[in-house]
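Read the structure below first, then the notes.
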Amino acid sequence: MYKVTLSEKEIPKKWYNIAADLPVEPTPPTQTDEGKQLENLAKIFSKGFLEQAMSTERWIEIPKEIREIYAKIGRPSPLFRAKGVEDYLDTPAKIYYKREDFSPTGSHKLNTALAQAYYAKKDGVEMITTETGAGQWGSALTLACSLFDLNCRVYMVNISFKQKPYRQTIMKLYNGEVIPSPSDRTEFGRKMQAKDPNHPGSLGIAISEAIEDALKDEKTYYSLGSVLGPVLLHQTVIGLETQKQLEKIDETPDVMVGCVGGGSNFAGATFPFIKDKISGDLDCQFIAAEPSSCPSLTQGEYRYDFGDTAGLTPMEKMYTLGHDFIPPSVHAGGLRYHAMAPLVSLLVHEGLVEGRAVTQTDVFKCNHIFANAEGVIPAPETGHAIKIGMDEAIKCRKTGEEKTIIINYSGHGLLDLQGYDDFLEGKLED
């Protein structure tokens, strides 16, 4: 079987909250005496979002309105067998990939964008501000805001603004306003521009600009596409669907892989399975693939840090390279973040998840193979997971083990062609 599908009736009715099953108590967020960052949360996030951030309930109901739009945008997403890659690698392993690129905006990001827009609309705000790296999150949130009749302003990391112009086109088609970051629209943006007029930008800087906007206007909320607990929660529709699909074909995962920048698609795909590992009902290896240019899990410190560059967010305990870290301008713009989601960080620290770093050149080599073997072109971000999945399949070729490997295919690369062009012309750098 090459494709496993579910009916619309099988869309999950509840999100899974891993906070109910963690092996240790998570460390709470904190703030500086002068910053009062925790007090600002109620000014920039919806009541529904903050309630979910504090919840330890194992299952949180997905509102009917969101489930109906999930169906409208193509959920449940299919699970494919990567038989072409298996044949190319000559491996006894079975490789499956969950197709989150079937979303209208081409990635998993819409799963949480819809939820956050829904809760913001319920609170009566008029505008949502956000940041975006590669543009996948910005595309998702502008669509979600359009569906819920909200305005949306997106601060796009400057280097990605230049590398991926057609992501801007998508956001503008969904009536979003797109601004290269750092910008002259905010106090912090102007501060960064004064330091370097050609600043490449970073997700941390763009977050600071978007939050600054939200704090100035009571009719404006801020929305984050990764890192925070509720964002990871909303993405668990991926893993819950995957569980049902594997049950249909009587498969049990031995290895699960996802790419990580902030950690949302990896968490969404794996958290329902990690629940079973914690309870002793599943023996599976979970691997978080990150860029070697921005290696928060493999080279960062596990400590308290800000989620943004200006220090407007609360401090969370997580793996971090430092909130003032400016990553190299690699094409995987969605993974150019200085830190990792606190929940993913905790699971890595406890030994339940392994982090691995991948070079940009290896990512594009594996994506080239995947595109020819399976016919679909992966996003550079997704390629990090594909590379690790292939590595594990090659190990099986050497050992003869018939493992089942699941890759979360987080997004397509049809708007990342500049990166592919650089790769094919030999101009790509790690």
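At a glance:
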{"item": "Top-ranked residue of the range 317-338 - restricted to ones that are at pLDDT 95 or above and touching a Ser or Thr at 6+ places or on another chain (Cβ under 9 Å), ranked as farthest from residue 364 (Cα to Cα)", "result": "317"}
{"item": "Flag for residue 267 being modelled with pLDDT of 95 or more, in contact with a Leu (Cβ under 6 Å, 6 or more places away or on another chain), of a type in the set (A, V, I, L, M) and within 21 Å of residue 380 (Cα to Cα)", "result": "yes"}
{"item": "Those residues of the range 142-196 which are in a loop (DSSP other than H, G, I, E, B) and without any contact (Cβ under 8 Å) to a residue 24 or more places away in the chain, in sequence order", "result": "184, 196"}
{"item": "Checklist (1) surrounded by 14 or more Cβ atoms within 10 Å (Cβ to Cβ); (2) over 25 Å from residue 246 (Cα atoms) applied to residue 18, failing item", "result": "(2)"}
{"item": "Residues satisfying the stated conditions in the range 363-385, i.e. charged (D, E, K, R) and closer than 17 Å to residue 334 by Cα", "result": "381"}
{"item": "Residues being within 22 Å of residue 223 (Cα to Cα) and either under 19 Å from the mean Cα position of the chain (by Cα) or of a type in the set (Gly, Ala, Ser) (or both) - total across the range 310-321", "result": "8"}
{"item": "Residues that are outside any strand (DSSP E or B), of a type in the set (Gly, Ala, Ser) and closer than 21 Å to residue 379 by Cβ, drawn from the range 298-356", "result": "329, 332, 333, 334, 341"}
{"item": "Residue match in the range 357-370 (condition: in contact with a strand residue (DSSP E or B) (Cβ under 6 Å, 6 or more places away or on another chain) and surrounded by fewer than 24 Cβ atoms within 10 Å (Cβ to Cβ))", "result": "yes"}
{"item": "Filter result for residue 382 (over 30 Å from residue 54 (Cβ atoms), of a type in the set (Ser, Thr, Tyr) and out of contact with any Lys or Arg (no Cβ under 8 Å at 6 or more places or on another chain))", "result": "yes"}
{"item": "Residue under evaluation residue 270, criteria (1) over 24 Å from residue 25 (Cβ atoms); (2) in contact (Cβ under 8 Å) with a residue 60 or more places away in the chain; (3) β-branched (Val, Ile, Thr), criterion not met", "result": "(1)"}
{"item": "Yes/no for residue 134 being in the same structural domain as residue 206 (by TED's automatic domain parsing), small (Gly, Ala, Ser) and closer than 15 Å to residue 66 by Cβ", "result": "no"}
{"item": "Residues located in the range 1-22, provided they are among the basic types (Lys, Arg) and either in a loop (DSSP other than H, G, I, E, B) or over 28 Å from residue 64 (Cα atoms) (or both)", "result": "13"}
{"item": "In the range 50-88, the residues that are touching a helix residue (DSSP H, G or I) at 6+ places or on another chain (Cβ under 9 Å) and assigned to a strand (DSSP E or B)", "result": "59, 60, 79, 80"}
{"item": "Residues that are assigned to a strand (DSSP E or B) and of a type in the set (Val, Ile, Thr), drawn from the range 365-411", "result": "404, 405, 406, 407"}
{"item": "Of all residues making up the range 23-49, the number that are surrounded by 13 or more Cβ atoms within 10 Å (Cβ to Cβ), in a loop (DSSP other than H, G, I, E, B) and among the hydrophobic types (A, V, I, L, M, F, W, C)", "result": "1"}
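The values are calculated or read from the model by the stated rules, or taken from the named source; none is laboratory data. All of these numbers come straight from a predicted model, not from anything done at the bench. Quick reminder, even Gly has a Cβ in these numbers, built from the backbone with ideal geometry, and neighbours come from all protein chains shown.
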